[in-house]
There are 2 protein chains.
Amino acid sequence: MFKIEEQTMSISLKVQGAIERSSWIRRMFEEGAALIAEYGAENVYDFTLGNPSVEPPAAFQQELRRMAEKPDLGMHRYMNNAGYEETRTSVARHLEQTSGVPVNAKHIVMTCGAGGALNVTLKTILNPGEEVIILTPYFVEYKFYADNHGGTTKEVWTDPETFQPDLAAIEAAITRNTRAIIINSPNNPTGAVYSAEILTDLGRMLERKQRELDSTIFTISDEPYARLAFDGNSVPPVFKYIRNAILVTSHSKDLALPGERIGYLAANPSMDDVELFMDGAVFCNRVLGFVNAPALMQRLVAKLQNESVDVTEYQEKRDILYNHLTGLGFDLVKPGGGFYFFPKSPVDDDVEFVREAQRHNILLVPGSGFGAPGYFRIAYCVEMGIIERSLPAWERLAKDIGLA
Amino acid sequence: MFKIEEQTMSISLKVQGAIERSSWIRRMFEEGAALIAEYGAENVYDFTLGNPSVEPPAAFQQELRRMAEKPDLGMHRYMNNAGYEETRTSVARHLEQTSGVPVNAKHIVMTCGAGGALNVTLKTILNPGEEVIILTPYFVEYKFYADNHGGTTKEVWTDPETFQPDLAAIEAAITRNTRAIIINSPNNPTGAVYSAEILTDLGRMLERKQRELDSTIFTISDEPYARLAFDGNSVPPVFKYIRNAILVTSHSKDLALPGERIGYLAANPSMDDVELFMDGAVFCNRVLGFVNAPALMQRLVAKLQNESVDVTEYQEKRDILYNHLTGLGFDLVKPGGGFYFFPKSPVDDDVEFVREAQRHNILLVPGSGFGAPGYFRIAYCVEMGIIERSLPAWERLAKDIGLA
């Protein structure tokens, strides 16, 4: 399954290998698509994609109508590679208000989503062969992103009881070759929200290690789910706790605009060589071919920094599914935000479990796709009707595999 | 000027070096901005940027209003990494109509502009150290784009009398290590439109070399100016002439949407291993962090494949400036399309000439920025008023440097 069957001379061998290795995921998606074609979308419970079913907030729709009706001259032209001053100021003000840290427009680069922001950041900082620590279970794209820019990744498991970072394990993994650590809270795939205590301790440990090694170790905080925290909590602002922090995020989840590719990166003003980093990020945004974040979306999100989709909807979905699944005997950590569960697979082989679930029209992603075999991911950013109709299917699945 | 003055340990040494090497261009732009602040934008003749002053066609504005007034459910969500089927079908139909080659939706990936398409293409095909031939004078980003993906560039001069490709020189530059050649017609910075004869001969020569070397050599045809051809001509369709061709383009110029980052790549259906290439391109669009081309713009351009900004405006600007400059004794090739001139610098040092022009409030880019010292670039995609008001300044400049 992981062997390259035939090498051609026409495309990159690395890319060809990656495609062949991921062909099993594609096959699984194709089987899911075939189920939907056979039974109808309303009878297949597709929990595979982090593609929000909600619509953007009303304020977004209003602002878009206003701009379409009275277009400004030149509103679709190139602007500075960093983005519009107005948008960067608005983002900076939001970050300053939520963190208390004096962030300024010059610390912001608007990007093509968080995926763009991560690639720009990694290209800006990585020398060949330098290491990026990622926390397992991890978003698989991190490995590709680091590799794009000549870096390597070192995987460090989170605490499997809570999915919070394991600071001792992280400290043990740091070497002179460590350039960055990527954290992601609320987390994809676990839904864990990192506590202020953990971030405080992580920040202190990193300061100590940087002094010890006389190096800069960046914390790249990937936060597209930051406005999706439950139970009245909010996500602790990373700039308050970690000095060499770069925040990367998008409006894919909080404004439900994933297809529009609008996000940003922000540097902590107190970071080492912050101006040099920002110059590098603007340059990399240009030369990676992003050039700038989409103009119209920049103009829109400038007005919407205090808007968000309704978080109570996601919380309600979490509660219904969490109660149902724990009631059926599934073993899972209750998420504090985002829209994912990452339960233990009730059978050893998570790929086998996911195939079993497929027989009940429940579509899931195996934990192997996140570096964590023995688990599976549920993306519950789907319509409530799907969640409700899926409940009896979960019961039948639990019975079939001998749970409870 | 090209020495790294101080190396830090905090960002990539390669990126730091590139920023320092390009600092002179930045200084020049800053001086230009200072002139604009001092004299007012209407009294400074800024010919530095390929940022069209025209607005998108009326059909674009209408379609945007329609979508804003009656938003479709889910219209801002993720779609397939390759883009909407509807958009890809529309693009394919346009390519089929203009080239006579049976292009299909499966040969198209929608991208974040031509910059995105070029990066996706180069990552898909390049193995470490492989060479990409670029034609001097060249768009400087090509060198960064190839380097992003582990490739190197080999520069081959065009015929300096016509700026058409020099086939003998290209053939002599091809080795077993050559993976691709990038062509760009209408050309930035010269405005040259490559003739059907040249493309025919290039296609034949490449077939012969590929047989000889038993390899695939891709022709990456970068065509954002393809709908901007003058004198009633049209740009010969590359798929008709070159088999292993990948077309990369955007709607930055033809629909005047450069800030929106909407473009595509298309593979010639008769290309070697075309399905493997397309799989690779979809994968690279994902893992480079583009994920997909902006959703709203995809929906818009699906309806606008036969639209274009008014080309006669550009042609009129070309004629006024061309006649004026040749009348003053400047030595330049008459462009067949696009919106650039690339005249010979009347003094040996093009950077010195550009500084001299600045003293007359004329802002230009030195040929050194395109691998061609001894020339300079004029981007005439500016308002007619600026062109008209610049004419006396050009006269004074010509007199000062002793032309005519």
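Which of the residues spanning segment B:1-33 are at pLDDT 90 or above and either open to solvent by 60 Å² or more (accessible area, probe 1.4 Å) or touching a His at 6+ places or on another chain (Cβ under 7 Å) (or both)?
Hits for segment B:1-33 are B:Leu13, B:Lys14.
Could you please give the count of residues in segment B:232-266 that are on the phi > 0 side of the Ramachandran plot and open to solvent by less than 20 Å² (accessible area, probe 1.4 Å)? Walk me through it before giving the result.
First, the residues of segment B:232-266 that are on the phi > 0 side of the Ramachandran plot: B:232, B:256, B:261.
Imposing the further condition that a residue be open to solvent by less than 20 Å² (accessible area, probe 1.4 Å) reduces the set to B:256, B:261.
Here the count works out to 2.
Cβ-Cβ under 6 Å, sequence separation 6+ or interchain: first residue in segment B:203-230 and within 30 Å of B:Glu260 (Cβ to Cβ), partner of a type in the set (Val, Ile, Thr) and surrounded by fewer than 21 Cβ atoms within 10 Å (Cβ to Cβ). Which pairs?
B:Leu228/B:Val311
Scan segment B:11-53 for residues that are without any contact (Cβ under 8 Å) to a residue 12 or more places away in the chain, within 13 Å of chain A (Cβ to nearest Cβ) and not in a helix (DSSP H, G or I) and jot them down.
Scanning segment B:11-53 gives B:Ile11, B:Ser12, B:Ser22.
Please pick out the residue among A:Arg389, A:Arg377 that is at pLDDT 95 or above, surrounded by fewer than 17 Cβ atoms within 10 Å (Cβ to Cβ) and under 24 Å from A:Gly32 (Cα atoms).
Details: A:Arg377 fails: surrounded by fewer than 17 Cβ atoms within 10 Å (Cβ to Cβ).
From the options A:Arg389, A:Arg377, the qualifying one is A:Arg389.
Could you tell me whether A:Asn184 is modelled with pLDDT of 95 or more, under 23 Å from A:Ile262 (Cα atoms) and among the polar types (S, T, N, Q)? Even if it seems obvious, please write down each step before you answer.
Numbers: modelled with pLDDT of 95 or more: yes; under 23 Å from A:Ile262 (Cα atoms): yes; among the polar types (S, T, N, Q): yes.
So A:Asn184 passes the test.
B:Pro258 versus (1) within 14 Å of chain A (Cβ to nearest Cβ); (2) closer than 25 Å to B:Asn104 by Cα; (3) in contact (Cβ under 8 Å) with a residue 40 or more places away in the chain: which is the lone unmet condition?
Only one criterion is unmet by B:Pro258, namely (2).
Based on this model, can you work out whether B:Glu161 counts as of a type outside the set (Phe, Trp, Tyr), more than 30 Å from A:Lys123 (Cβ to Cβ) and open to solvent by 50 Å² or more (accessible area, probe 1.4 Å)? Walk me through it before giving the result.
Working: of a type outside the set (Phe, Trp, Tyr): yes; more than 30 Å from A:Lys123 (Cβ to Cβ): yes; open to solvent by 50 Å² or more (accessible area, probe 1.4 Å): yes.
Spelling it out, B:Glu161 is indeed of a type outside the set (Phe, Trp, Tyr), more than 30 Å from A:Lys123 (Cβ to Cβ) and open to solvent by 50 Å² or more (accessible area, probe 1.4 Å).
So how many residues does segment A:338-360 have that are in contact with a Leu (Cβ under 6 Å, 6 or more places away or on another chain) and either open to solvent by 10 Å² or more (accessible area, probe 1.4 Å) or closer than 16 Å to A:Leu135 by Cβ (or both)? So that I can check it myself, show each step before the final result.
Filtering segment A:338-360 down to residues in contact with a Leu (Cβ under 6 Å, 6 or more places away or on another chain) leaves A:338, A:341, A:343, A:346, A:354, A:357, A:360.
Those left that are additionally either open to solvent by 10 Å² or more (accessible area, probe 1.4 Å) or closer than 16 Å to A:Leu135 by Cβ (or both): A:338, A:346, A:360.
Qualifying residue count for the region: 3.
For residues that are at the interface with another protein chain (Cβ under 8 Å from one of its Cβ atoms), of a type outside the set (Asp, Glu) and more than 24 Å from A:Lys253 (Cα to Cα), tally how many sit in segment B:54-85.
Summing the residues that are at the interface with another protein chain (Cβ under 8 Å from one of its Cβ atoms), of a type outside the set (Asp, Glu) and more than 24 Å from A:Lys253 (Cα to Cα) in segment B:54-85 gives 3.
Do you know which of the residues in segment B:174-204 that are in a helix (DSSP H, G or I) and surrounded by fewer than 16 Cβ atoms within 10 Å (Cβ to Cβ) is farthest from the chain's Cα centre (by Cα)?
Of the residues in segment B:174-204, the ones in a helix (DSSP H, G or I) are B:196-204.
From the residues that got through so far, the ones that are surrounded by fewer than 16 Cβ atoms within 10 Å (Cβ to Cβ) too are B:196-197, B:200-201, B:204.
Numbers: B:Ala196: 19, B:Glu197: 22, B:Thr200: 22, B:Asp201: 23, B:Arg204: 25 Å.
Checking each candidate, the answer is B:Arg204.
The values are calculated or read from the model by the stated rules, or taken from the named source; none is laboratory data. Nothing here was measured: the structure is a model prediction, and the numbers come from that model. Cβ atoms come from the backbone with ideal geometry, glycine included; neighbour counts cover every protein chain shown. Note: accessible area is taken over every heavy atom of the protein model, side chains too, but ligands, DNA and RNA are not part of it. Shrake-Rupley method; radii C 1.70, N 1.55, O 1.52, S 1.80 Å.
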